[in-house]
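The values are calculated or read from the model by the stated rules, or taken from the named source; none is laboratory data. Values in this document were obtained by computation on a predicted structure and should not be read as measured data. No Cβ is skipped: glycine too gets one built from the backbone with ideal geometry, and neighbour counts run over all protein chains shown. For the accessible areas, the whole protein counts, side chains as well, though only heavy atoms, and no ligand, DNA or RNA atoms are used. Shrake-Rupley method; radii C 1.70, N 1.55, O 1.52, S 1.80 Å.
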Amino acid sequence: MTGVLARCTAAQKTTVPAGSVLMAEGTKSGRIYVLDAGTIEVMRGDTRVALVSDPGAIFGEMSVLLDTAHTATVRAVDDSTVFAFPDAAEFLRSDPDTTLAVAKLLAQRLHSATTYLVDLKRQYAGQSNHLGMVSDVLASLINQPPGDFEPGSDRLPDSP
């Protein structure tokens, strides 16, 4: 994602002290952040989803593209610098190359998740417990109709 950094020259570069929250799970900011330097953690509830230190990494894109609340909390682990885009939707509309890079990133994530789920489906084929529901999850990923998106879980409907 270092190519995205080259497109950040007009953005506000901000120093983020260790422990600072860039975006909180369940809130809606309309912002995207691009990591310049440092380490950022992505937390979903009490679970660390990722620890990111790659310059050019993007945070907040799902919330902006789906027009929903953030599905995770993004926090600086150490003093970090980020480029901030307060009106991320406008930024993405104005820069097709960056939007394509974001689309590729999301496609890579979907590919990884689908590959993992296919592996689980093979391992647990025929099971009647929750692992046997992987086929349903895969089908819903593949056949997701466009329109309103509600993050969360049918099992835990109040959780983002």
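For the reader, a short list of remarks on this structure follows.
- Tally of residues being at pLDDT below 95 and either under 15 Å from the mean Cα position of the chain (by Cα) or among the small types (G, A, S) (or both) across segment 1-27: 5
- Strands (runs of 3 or more DSSP E) completely within segment 1-93 that count 2 or more residues being among the aliphatic types (A, V, I, L, M), open to solvent by 20 Å² or more (accessible area, probe 1.4 Å) and closer than 20 Å to R109 by Cα: 40-44, 47-52
- Yes/no for A76 being farther than 15 Å from A6 by Cβ, touching a Lys or Arg at 6+ places or on another chain (Cβ under 7 Å) and hydrophobic (A, V, I, L, M, F, W, C): no
For every residue, the table says whether it meets (1) in a loop (DSSP other than H, G, I, E, B); (2) modelled with pLDDT under 80; (3) open to solvent by less than 70 Å² (accessible area, probe 1.4 Å).
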| position | (1), (2), (3) |
| --- | --- |
| A103 | no, no, yes |
| L106 | no, no, yes |
| H111 | no, no, no |
| Y116 | no, no, no |
| R122 | no, yes, no |
| A125 | yes, yes, no |
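- Residues satisfying the stated conditions in segment 86-119, i.e. touching a Lys or Arg at 6+ places or on another chain (Cβ under 8 Å) and over 20 Å from L22 (Cβ atoms): D95, D97, T99
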